[in-house]
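Read the structure below first, then the notes.
The values are calculated or read from the model by the stated rules, or taken from the named source; none is laboratory data. Not measured: the values here are computed from a predicted model. Because the Cβ atoms are built from the backbone with ideal geometry, glycine has one as well, and the counts that use them run over all protein chains shown. Heads up: the accessible areas ignore ligands, DNA and RNA and are worked out on the full protein's heavy atoms, side chains in. Shrake-Rupley method; radii C 1.70, N 1.55, O 1.52, S 1.80 Å.
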Amino acid sequence: PFEEILEHMKESRGVQNDTDLSVDDLKELVTKFKAAVKKQTGKDFPNDAWEQLWGAVCAVFNSWMNPRANYYRAMNKIPSDWGTAVNVQAMVFGNMGNNSATGVAFTRDSATGENVFNGEYLINAQGEDVVAGVRTPQQITKRGSQEWAHLQNISEDERVAKYPSLEETMPAAYKELFEIQKQLDTHYKDMQDIEFTIQDGKLWMLQTRNGKRTGAAMVRIAMEQLRAGEIDEKKALVKQEPNKLNELLHPVFAADAIKKARVIAKGLPASPGAATGQIVFFADEAKKFKKSILVRIETSPEDLEGMDIAKGILTAKGGMTSHAAVVARGMGKCCVSGAGSIQIDYKARTMVAEGKTYKEGDWISLNGTTGQVYEGQVETSQPELSGDFGELMKLADKYRKIQVRANAETERDALQSVKFGAEGIGLCRTEHMFFEGERIKAMREMILADTLEGRKKALKKLLPIQRNDFKSVFKAMAGKPVTVRLLDPPLHEFVPHQLATQKELADEMGISLEAVKLKVADLEEFNPMLGHRGCRLGNTYPEITEMQARAIIEACLELKREGIVAIPEIMIPLVGTVKELKLQEEIV
């Protein structure tokens, strides 16, 4: 409500910024704000300072249980019973004229991890103005300001005149801030996220905390600190958040695809990575598409859930320390912020870029590393396990106490798992090998056969297919153990349940449609997950276990003749009693 009142007043006065309002305008604004408070709460805004203070304190405590706080806790696995704290401190004011300012800074680059001081500030503003993204902030360092201007196609003369850095406008305050950030980074042995205010030329530090960062930045910071002797190897490992390492295994845009892609806008590279999706304009509609890109003028804490669901985030306003940028980095989500050339119309659900109108559902792609926005879907390529990440993984090998195996049942997945350091396959699900083309036909033929001979005839077709599957997986793992699980799911998963497919199967097998329907009905169970499956299936139809065991062992023997070591481990699934295991063991 306050933002709406403020925006309406600026429009009626024909001004762009809050600071352009006159004293009389501000007095009128206060009156309207008080009226809004009464309308929302049913009470007058308190004049008593203590009542205001306790109202503010209780508001913080009450915020612990609001929907977005609950969602944030669930996302980050924070217990609800921890509670929150309230710091009460004196105010300093960054909005007391052009010799006052406020800003947010990082002791290192939170996107890349580079050891370079960076951040954003606003002259004559309060802290919330920087993170809200309502005004485009300026860069703290001269280097950062020049890089930003280059990205925005702004000349050096225009930059100095309109968007100078803090280093240039308030050199004394900047020098003091620079020395303090160095001290904080050294003391905490971690990248710091700092908030500060300059009141009448005097620098005040508001807070410091370990800064949110991308997975790439997390790895680089730890490895650079290790090489500099600031931390030891174990500390470098402990500093890693496992779920953030996952970011480094995500695809990036393919170099060839990028060359052909049409750039429709450019913003700030707020959070690296590649994202392709369909445009949505409202956070609560991010689920509308399988892959969505949340497009907003700016984001707020209310958008948290939608930001989490979306593949990427694009904002028209805001800088590298805006809400969208900081939250996206914390989530490991691709984000481009401050793409000022795009025009967003929430009512019409449209975005205009480069003179073209894009509607909800249209595809766009974001490059969070360069800040570019592309039209349509852009092809991605797989990342490489090298550089600092590769070094970190070697370090992990040195100290770990357990081995890690992969889940894989194809040659491609097996090779990828070896590339990522897997020391074997812990689960090779053989049922996944039966669902394609001729395989599913042979499998269904086996299920529908009424006699042992009929089942064996169908299994004979499956034997060479299974043998080749196992051979390719064992070969990919070359000398690493592979746990192969024999057929586990109930047979009803393999039979067709749609009439058209049942008719097709009946025609292929030369039997009646009724016979197929009866068999499908016969296999139906009240709870198939607890019913006729796993080793019970193998004991009812020992010929299935026989075929699979033969395929596994023959594949190993063929590889042995080729000089390749295969280490199979045959898993009998879903064993409930010793007798079930013994029966299967004898068959194998």
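Is at least one residue of the range 382-399 over 29 Å from Gly211 (Cβ atoms) and either open to solvent by 20 Å² or more (accessible area, probe 1.4 Å) or in a helix (DSSP H, G or I) (or both)?
Within the range 382-399, the subset over 29 Å from Gly211 (Cβ atoms) is none.
Within the range 382-399, not a single residue is over 29 Å from Gly211 (Cβ atoms) and either open to solvent by 20 Å² or more (accessible area, probe 1.4 Å) or in a helix (DSSP H, G or I) (or both).
Need the failing condition index for Gly538 against (1) open to solvent by 30 Å² or more (accessible area, probe 1.4 Å); (2) of a type in the set (Gly, Ala, Ser); (3) without any contact (Cβ under 8 Å) to a residue 60 or more places away in the chain, just the number.
(1)
If you scan the range 447-468, which residues turn out to be among the basic types (Lys, Arg) and open to solvent by less than 70 Å² (accessible area, probe 1.4 Å)? Can you show your working first?
Within the range 447-468, the first condition is being among the basic types (Lys, Arg), and the residues that meet it are 455-457, 460-461, 467.
Residues satisfying the conditions are Arg455, Arg467.
Please specify each residue of the range 20-32 satisfying the condition of being closer than 17 Å to Gln126 by Cβ and either open to solvent by 60 Å² or more (accessible area, probe 1.4 Å) or of a type in the set (Asp, Glu) (or both).
The first filter runs over the range 20-32 and keeps only residues closer than 17 Å to Gln126 by Cβ, leaving 20-21, 26, 29-30.
Listed by number, the residues that qualify are Asp20, Leu26, Val30.
Considering only the range 4-19, state which residues are over 24 Å from Met91 (Cα atoms) and either surrounded by 14 or more Cβ atoms within 10 Å (Cβ to Cβ) or touching a residue at least 12 places away in the same chain (Cβ under 8 Å) (or both).
Here is the first cut: in the range 4-19, the residues over 24 Å from Met91 (Cα atoms) are 4-5, 7-16.
Matches in the range 4-19: Ile5, Met9, Lys10, Arg13, Val15.
Going through the range 282-332 one residue at a time, which ones are part of a loop (DSSP other than H, G, I, E, B) and crowded, with 20+ Cβ neighbours inside 10 Å?
Restricting attention to the range 282-332, the residues satisfying the condition of being part of a loop (DSSP other than H, G, I, E, B) are 282, 289-291, 297-300, 310-311, 316-322, 332.
Thr299, Ala310, Lys311, Ala316, Lys317, Gly318, Gly319, Met320, Thr321, Ser322, Gly332, listed by residue number.
Can you name the residue in the range 118-140 that is among the small types (Gly, Ala, Ser) and open to solvent by less than 10 Å² (accessible area, probe 1.4 Å) and is also nearest to Glu179 (Cα to Cα) among such residues? Write out each step before concluding.
The first filter runs over the range 118-140 and keeps only residues among the small types (Gly, Ala, Ser), leaving 119, 125, 127, 132-133.
This time we only want the ones that are open to solvent by less than 10 Å² (accessible area, probe 1.4 Å), so: 119, 125, 133.
Details: Gly119: 15, Ala125: 23, Gly133: 27 Å.
Going through the qualifying residues, I end up with Gly119.
Looking at the range 469-483, which of the residues that are modelled with pLDDT of 95 or more and outside any helix (DSSP H, G or I) is least open to solvent (accessible area, probe 1.4 Å)?
If we filter the range 469-483 for residues that are modelled with pLDDT of 95 or more, which is where we start, we get 470-477, 480-483.
If we keep only those that are outside any helix (DSSP H, G or I) as well, we get 480-483.
On the way: Lys480: 63, Pro481: 27, Val482: 0, Thr483: 17 Å².
Applying the filter and picking the extreme gives Val482.
Would you check which residues across the range 364-403 are in contact (Cβ under 8 Å) with a residue 12 or more places away in the chain and either more than 21 Å from the chain's Cα centre (by Cα) or more than 30 Å from Ser292 (Cα to Cα) (or both) and list them?
Residues satisfying the conditions are Glu375, Asp388, Glu391, Leu392, Met393, Leu395, Ala396, Asp397, Lys398, Tyr399, Gln403.
Any chance the range 192-202 includes a residue that's in contact (Cβ under 8 Å) with a residue 60 or more places away in the chain, under 18 Å from Arg108 (Cα atoms) and open to solvent by 60 Å² or more (accessible area, probe 1.4 Å)?
Among the residues of the range 192-202, not one is in contact (Cβ under 8 Å) with a residue 60 or more places away in the chain, under 18 Å from Arg108 (Cα atoms) and open to solvent by 60 Å² or more (accessible area, probe 1.4 Å), which makes the answer no.
A quick yes/no check of all residues on (1) without any contact (Cβ under 8 Å) to a residue 12 or more places away in the chain; (2) of a type outside the set (D, E, K, R):
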site	(1), (2)
Leu21	no, yes
Asp24	yes, no
Lys27	yes, no
Ala35	yes, yes
Asp48	yes, no
Gly55	yes, yes
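Restricting attention to the range 531-583, which residues are of a type in the set (Gly, Ala, Ser), outside any helix (DSSP H, G or I), under 40 Å from the mean Cα position of the chain (by Cα) and over 24 Å from Glu493 (Cβ atoms)? Write out each step before concluding.
From the range 531-583, those of a type in the set (Gly, Ala, Ser) are 531, 534, 538, 549, 551, 555, 563, 566, 576; that's our starting set.
Okay, now just the ones that are also outside any helix (DSSP H, G or I), so 531, 534, 563, 566, 576.
Of the ones still in play, those that are also under 40 Å from the mean Cα position of the chain (by Cα) are 531, 534, 566, 576.
Answer for the range 531-583, where residues must be of a type in the set (Gly, Ala, Ser), outside any helix (DSSP H, G or I), under 40 Å from the mean Cα position of the chain (by Cα) and over 24 Å from Glu493 (Cβ atoms): just Ala566.
Could you tell me how many of the residues in the range 144-172 are open to solvent by 70 Å² or more (accessible area, probe 1.4 Å) and under 16 Å from Pro269 (Cα atoms)?
Selection size over the range 144-172: 4.
Given the structure, is Ala74 assigned to a loop (DSSP other than H, G, I, E, B), more than 27 Å from Pro137 (Cα to Cα), open to solvent by 70 Å² or more (accessible area, probe 1.4 Å) and out of contact with any Gly (no Cβ under 9 Å at 6 or more places or on another chain)? Walk me through how you get there before you give the answer.
On the way: assigned to a loop (DSSP other than H, G, I, E, B): no; more than 27 Å from Pro137 (Cα to Cα): yes; open to solvent by 70 Å² or more (accessible area, probe 1.4 Å): yes; out of contact with any Gly (no Cβ under 9 Å at 6 or more places or on another chain): yes.
No: the conditions fail for Ala74.
Against the condition at pLDDT below 90 and among the acidic types (Asp, Glu), how does Asp48 come out, does it pass?
Working: at pLDDT below 90: no; among the acidic types (Asp, Glu): yes.
The answer is no for Asp48.
Take the conditions part of a helix (DSSP H, G or I), open to solvent by less than 60 Å² (accessible area, probe 1.4 Å) and of a type in the set (Val, Ile, Thr) and apply them to Thr501. Does it pass?
yes
For the condition in contact (Cβ under 8 Å) with a residue 24 or more places away in the chain, under 17 Å from Ala478 (Cβ atoms) and of a type outside the set (Asp, Glu), what is the one hit in Ala406, Ala422? Don't jump to the end; show me each part of the working.
Numbers: Ala406 fails: in contact (Cβ under 8 Å) with a residue 24 or more places away in the chain.
When all the criteria are applied, what remains is Ala422.
Any residue in the range 221-237 that's open to solvent by 60 Å² or more (accessible area, probe 1.4 Å): show its pairings with residues that are outside any helix (DSSP H, G or I) at Cβ separation under 7 Å, as long as the two are six or more apart or on different chains.
Pairs that qualify, where the first residue is open to solvent by 60 Å² or more (accessible area, probe 1.4 Å) and the partner is outside any helix (DSSP H, G or I), are Glu230/Lys189.
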